[in-house]
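The values are calculated or read from the model by the stated rules, or taken from the named source; none is laboratory data. What you see is a predicted model, and the numbers here were worked out from it, not measured in a lab. Here the Cβ positions follow ideal geometry from the backbone for every residue, glycine too, while neighbour counts run over all protein chains shown. Protein only, heavy atoms only, side chains kept; ligands, DNA and RNA dropped before computing areas. Shrake-Rupley method; radii C 1.70, N 1.55, O 1.52, S 1.80 Å.
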Amino acid sequence: MNEDHTINNSEVQQRQEQLFRTQENIPSAEPESDGQYAFAQAYAEPVRQQGASLCPVCGAVLPQGADYCENCRRYVKNDVCSFCGAPFPGEGAYCPECGSPRGGIVCPECHTLNEFAFCKKCGFPLTFEAKEQLEYLHHTPEFKRLQELTNEMSRLENIEPFSCEADQESCKVNEQLRVRVLRMLAEDNGEPTPNIPHRKAERMTESQLETKKMDLARMITEALGEMSTKPQPSPVKARNYAMAMKPAGVRLAWVCNYKHAMHSGPCGCAKPQLGGRWVILGHSGSGQNTTTKNN
């Protein structure tokens, strides 16, 4: 199997007609009607224009330069390692560069079978190179700042807002009672003027909480944009960089530059080498305006 499983136009036409006949239960001799034949021809025409590249697994049309089929969700480059991007010629079982198996790696954390260096489900680094890249990038000032923001968002998500004014008043009374009891205990221990610090109020009204979340979401969005995946020649290295730069603590999706689709991560994009960015989900302050969703 060659790099893109490229075939000529006549083979494309035969393949599309065969798929059409199978789906419609048409005898293999010829299409049942001129209309059906025209439909098959029209369906095959975009493939001719795009270089006649089909997925070797499911037969779906692959865009030029793609190494992953978004239809069957399989890696399709048989001569390039999906874990490190090095040449992987022949039918060897292990990559000569990184040692990763051709059949994929099972994540030790969530037991998901993966074709890429980071687990597509939980983000765990699966190769030595992925762990090194993760460690390096997570020590950069940009990522540290981003992780601080996402940790704060996670904290806000766990705050229960006041349900009513009486709930808010009750919280104040409880704090006053706490200070009074601690002062009495300190005086009993011989402290004439004890200094009892007031606790910073964690709870707030629902509108106050939502305002804080929106402001924080905008800050996270700006930080994610500064660390977006830039276009580069290797789709494998683009995937690995994007996965290594994904912060924990918030729900994110990856929006690709290829067709501006929203993926659960770059592992679901056919052409991550064109770049993309993580976006925060569930907050109107995130600046998210992409509606197309993919795997």
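Being surrounded by 11 or more Cβ atoms within 10 Å (Cβ to Cβ) and either touching a Cys at 6+ places or on another chain (Cβ under 7 Å) or more than 27 Å from Tyr241 (Cβ to Cβ) (or both) is true of Pro161.
Yes or no, residue by residue, for (1) surrounded by 13 or more Cβ atoms within 10 Å (Cβ to Cβ); (2) farther than 18 Å from Lys246 by Cβ:
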{"position": "Thr140", "(1), (2)": "no, no"}
{"position": "Asn151", "(1), (2)": "yes, no"}
{"position": "Gln176", "(1), (2)": "no, yes"}
{"position": "Gly190", "(1), (2)": "no, yes"}
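Scanning region 247-259 turns up no residue that is outside any loop (DSSP other than H, G, I, E, B), open to solvent by 40 Å² or more (accessible area, probe 1.4 Å), closer than 22 Å to His139 by Cα and modelled with pLDDT under 95.
I'd like the full set of residues that are surrounded by fewer than 12 Cβ atoms within 10 Å (Cβ to Cβ) and either touching a strand residue (DSSP E or B) at 6+ places or on another chain (Cβ under 6 Å) or assigned to a loop (DSSP other than H, G, I, E, B) (or both), limited to region 192-236. Result: Pro192, Thr193, Asn195, Pro197, His198, Arg199, Lys200, Ala201, Glu202, Pro233.
When you check Pro266 against the structure, is it modelled with pLDDT of 90 or more, crowded, with 18+ Cβ neighbours inside 10 Å and either over 17 Å from Gln147 (Cα atoms) or aliphatic (A, V, I, L, M) (or both), yes or no? Taking the combined requirement at face value, the residue satisfies it. Only one of the numbered conditions (1) surrounded by 13 or more Cβ atoms within 10 Å (Cβ to Cβ); (2) among the basic types (Lys, Arg); (3) outside any loop (DSSP other than H, G, I, E, B) is not met by Lys121, and that is (3).
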